[in-house]
Amino acid sequence: MQAPTHILAGVIINRLFKWRNYKLVGLLLTFICCMFAHAFFDQLALSVYRQPEPQFNDPFWLIYHLAMWLGSIVLLYIFWRDYKWGIIFSLIPEFDWLVLGIQHVFHFDIPFYQMPWIHFSLNYILVQIPPFNYMDMLPDNRNNPWACIWELLLIAVLAFAFRAMVRYRKNIHF
Ligand SMILES: [Zn+2]
């Protein structure tokens, strides 16, 4: 999935486990849930628009990805201060693409890092757990530009879920 999806999931999880007491336990649970959420959303990503290779000549690809990058920056600006751990944890697996990308660009090989190991390991765990093992039966829409709608909807749902959480909390206190 795109960065805004992962960032919003991290923010929601962070808020869920932001306890005044047991801070360390909360942080550990945030970490575990963020890893799990990343694997879950990336498995869902089979069914949304996501070209395996960058398509710089394709205007739709360019605009969509530019919007996603801008959206990520906005989200980081809004949420970084209060939810940085959730954001960091939910983006940790993307370290895979960074390492692979740097090797590709600078033409060198790290022998033990030739595949996205974090994604591979998380996915391995995810597909052992029912009902998530059925997720690879999702239709493959990665090359269909219309399938970006699913990701945009998901981002909207996550944003609304976060808003609802904030409101719920306010109602308890006042
Ligand atoms: Zn990922």
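The numbers here are math on the coordinates, done by the rules we state, and not lab data. These numbers were taken from a predicted model, which means no experiment stands behind them. Backbone-built Cβ (ideal geometry, glycine too); neighbour counts: all protein chains shown.
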* Could you give every pair whose Cβ atoms fall below 6 Å, whose first residue belongs to region 1-12 and is touching a residue at least 12 places away in the same chain (Cβ under 8 Å), and whose second residue is of a type in the set (A, V, I, L, M, F, W, C) and near the ligand (Cβ under 9 Å from one of its atoms), counting only separations of at least 6 or pairs across chains? -> Met1/Phe41; Met1/Ala45; Thr5/Phe41; His6/Leu91
* **Residues within region 135-160 that are surrounded by fewer than 14 Cβ atoms within 10 Å (Cβ to Cβ) and in a helix (DSSP H, G or I), tallied** => 9
* To do: Of the numbered conditions (1) within 16 Å of the ligand (Cβ to nearest atom); (2) surrounded by fewer than 16 Cβ atoms within 10 Å (Cβ to Cβ); (3) of a type outside the set (Val, Ile, Thr); (4) over 17 Å from Ile155 (Cα atoms), Trp69 fails exactly one; give the number of that condition.
  => (4)
* Asked: Scanning region 1-26 for residues that are of a type in the set (Val, Ile, Thr) and away from the ligand (no atom under 16 Å from the Cβ), which turns out nearest to Arg81 (Cα to Cα)?
  -> Val11
* (1) of a type in the set (Gly, Ala, Ser); (2) within 16 Å of the ligand (Cβ to nearest atom); (3) surrounded by 13 or more Cβ atoms within 10 Å (Cβ to Cβ): which one isn't true of Gly101, the others all being true? -> (3)
